[in-house]
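The values are calculated or read from the model by the stated rules, or taken from the named source; none is laboratory data. Fair warning: this is a prediction, and the values are worked out from it, not measured in the lab. Ideal geometry is used to build each Cβ from the backbone, glycine not excepted, and the neighbour counts take in all protein chains shown. Ligands, DNA and RNA are excluded from the accessible area calculation, which covers all protein heavy atoms including side chains. Shrake-Rupley method; radii C 1.70, N 1.55, O 1.52, S 1.80 Å.
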Amino acid sequence: MRPLDLETLRTMRLRRPPVALSTAVLAALTAAWIYMRLIWFGETVLPLTFVLPLLACIWSGRRWHVWTMALAFATAAIWKMGGSFSAPPDERLLRLGSILFNILLGAIVVHVLIVLRMRVESHLATITAQNAELEAQAEELSQQNEEIRAQAEELTEQNEELEAQSEESARQNEDLLDLSQRLAGREEILQGLLKSARERAPMNQGLEQLCRHTLAVLGSPAQAVAVLEQDAAGLRLEAQARSTGIPPLPATWPVAGSIAEVVLRENRTAYVSDTLLRPDLKLPAGISNSIRSLLATPLPHSDGRAGLLVACSREPAHWTDEQFRMLEWISAQTALVVETLSAQKAIADHSAALEAANRSKDEFLAMLSHELRTPLTPVLAAAGALATDRRIPDDARAELAMIRRNAAIQKRLIDDLLDLTRISRGKIDLDRRALPAGALLRDSATIVSGDMDAKSQRIDWDLDGIDDCTVEGDGARLQQVFWNILRNAIKFSPPASCIHIRARCESSLLRVSIRDEGVGIAPADQGRIFLPFEQTLDGPRRAVDGGLGLGLAIAKAIVEAHGGRIRAHSEGAGLGATFEVELPVTKDEQTTPSIQPAAAAAPSAPPPAAVKILLVEDHGDTGQVLKRILQLAGYTVTHAETGAAAWKAFRQDAFDLVVSDIGLPDESGLALFRRMRELRPDQRGVCLSGYGMEDDVAACKQAGFREHLAKPVDVDRLLACVARVAAER
């Protein structure tokens, strides 16, 4: 049922005729009633009541009609009683009062009836509307019930689908759980293989771990797993893992006529459910009763060889597809790890060979330096001694200077080779001290001043503000850096040229720039000048000035060991080169006033004649020259060429100082001096050695020597060292 709208409800509630029609009808009725009441009935007492026409207002339903008619009837009654009625006044008033009261009472009654009618109609309309609304709601509820039933049916279908999905999810969860377990097994195997590869475990140990993991992952019916490698005799057992109660597998397995032949020939996995049903297949001796089922897969190698990964069972068994795939996957991973372990072993062997070759190289360099230094010692010593001999003519002194200069160059080359060895082994020992930057640069320039004077070159200094700047480092090593750069600038610059040295102390860095006017560096060579043995010169100039190409490589290593940086820049060939060195500065105010070691003996040194020296040197020329130099300095010297002769002389006499070579023909100079100190614990000594590595210096100090002098021995340094050690007496 359609619900009623507002206008329909209003019409149903009022149910009144139109205003014009009802007003006209009631007006006519009023006029007619007055006419009849006044004219027709005249003096008749109560012939017609005025109340009756008022009831017609109930039809119109308008209250103003009631009161309008009542007013009209009252007016007519008053007019009649006032003029045309012949009764006495009192009677007329009584009758008029009764008529008016009747009219008023009738009007009130009709008014009340109209109000009651309107209320009843309103209630009826409300009830009708409510009934219509209830019917509409009932219809809507019916529709909703139908929708709910449809939704219930849909929910039932959805529940059925959800139950089906739940069952499917449960199956998928079971599959995922099974897959997770398989993945966990594979991960365990991979972790074991990776662990073996990381720890570089022996091959057999890694394969045994693999067999144990494989046995655990395969599960029933697998009771034993083995890795077999093919050789000329057949298959050799490399590793195995067995369950409790399973006897060890044989060490050798046949190939011809066995399942191994099928697997290796077809390069695919195969199995035997029951070996008793396949008497045509050969089995290893001794397992016919203990092994009834086999699952085997090839184990390939990169070199073309092949092995087998075998799972065994004591009972007849059917192997699942998952076990097939698992064994094949394990075989593939094992092949990779076996190759990795083999490669690691090859790398380890190669690394050991390289380390051995490196040690041999170091030993060769040490031996080479010893063999090269030994003959240089008498040359430098004799040249130094003759240079101060007044009997030598002036023209011969120039030749002696040439001899000393070239011998010193050869000594520098030997030292560079040893420094390179120290760098490659990471054994650059630094004696760190607070050093004044200005003194460091000036002292470095002093070392090469002779070479500059020979070419009439000069230095343009710009050291503004660095007098109070200090760096922490090894003074001798840093001098080596700067004089190496200066020596290259002198060597590759033309005569009468200028070398510009600029230094600034900026915040926490000392920046030193050394610029020359020499041959420059080609752009293609600027990236490799700090590499060992690299040369940027070509042609005859390289043969004259090239050297070994180690100086800048050593300088770079020294600067970086101090926490600094070195760079080179050149605009091109013939345009000069600029080297920039950066070193960290220190705020330590206690600086070393001079970097050069003292060359003279301490003032408290005893007179040379009072010092007795035992010189132990097996090289005849070196021994004679050193003995002569020491004797010319005023010392009393006894020379011994072997360890036995030195020991005999030591036991026969007391010596203030022992100057001994290490490489003696009959025993080591270190062992000889240890014996001497056992006899005389306060014995002082100076070690002479062609071996100049840190280990050699440390060995000399451990043997009890006060100082170590590397050959070729500089005469002034030797005399200063002897005077210094003798002063300690």
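Suppose all protein chains stay in the model; what accessible area per residue would a 1.4 Å probe give for the range 638-729, in Å²?
41
Starting from the residue with the highest accessible area, list R567, R292 in decreasing order, probe 1.4 Å.
The most accessible residue leads, giving R567, R292.
I need the peptides 647-656, 627-636 ranked by packing, meaning the mean over residues of other C-beta atoms within 10 angstrom, with the highest value on top.
Ranked from most to least packed, the peptides come out as 627-636, 647-656.
Considering only Cα-Cα distances, which of the following residue pairs are longer than 23 Å: K491/K556; K627/K711; K455/K556?
Beyond 23 Å between Cα atoms: K455/K556.
Of all accessible surface on the range 241-358 at a 1.4 Å probe, what whole percent is carbon and sulfur?
Its accessible area is 56 percent carbon and sulfur atoms.
Tell me which of A703, A646, C687 sits at the most positive position along the dipole axis of the range 626-715, charges placed on C-beta atoms (Lys, Arg +1; Asp, Glu -1).
Ranked along the dipole, the leading option is A646.
Hey, got the dipole for the range 102-177? About the Cα centre, +1 on K and R Cβ, -1 on D and E Cβ, debye to the nearest 20?
1520
Could you work out how far the C-alpha centroid of the range 610-685 sits from that of the range 296-346, in angstrom?
That distance is 71 Å.
If packing is taken as the mean number of other Cβ atoms within 10 Å per residue, what is the order of 490-496, 313-319, highest first?
Most protected by this proxy first, the peptides run 313-319, 490-496.
Place the peptides 135-143, 461-469 in order of packing, highest mean first, counting for every residue the other Cβ atoms within 10 Å and averaging per peptide.
The most tightly packed comes first, giving 461-469, 135-143.
Taking the solvent-accessible surface of protein heavy atoms with a 1.4 Å probe, what is the per residue accessible area of the range 217-334 in Å²? Present the calculation step by step, with values, prior to reporting the outcome.
On the way: 5560 Å² over 118 residues.
Ligands and nucleic acids excluded, the result is 47 Å² per residue.
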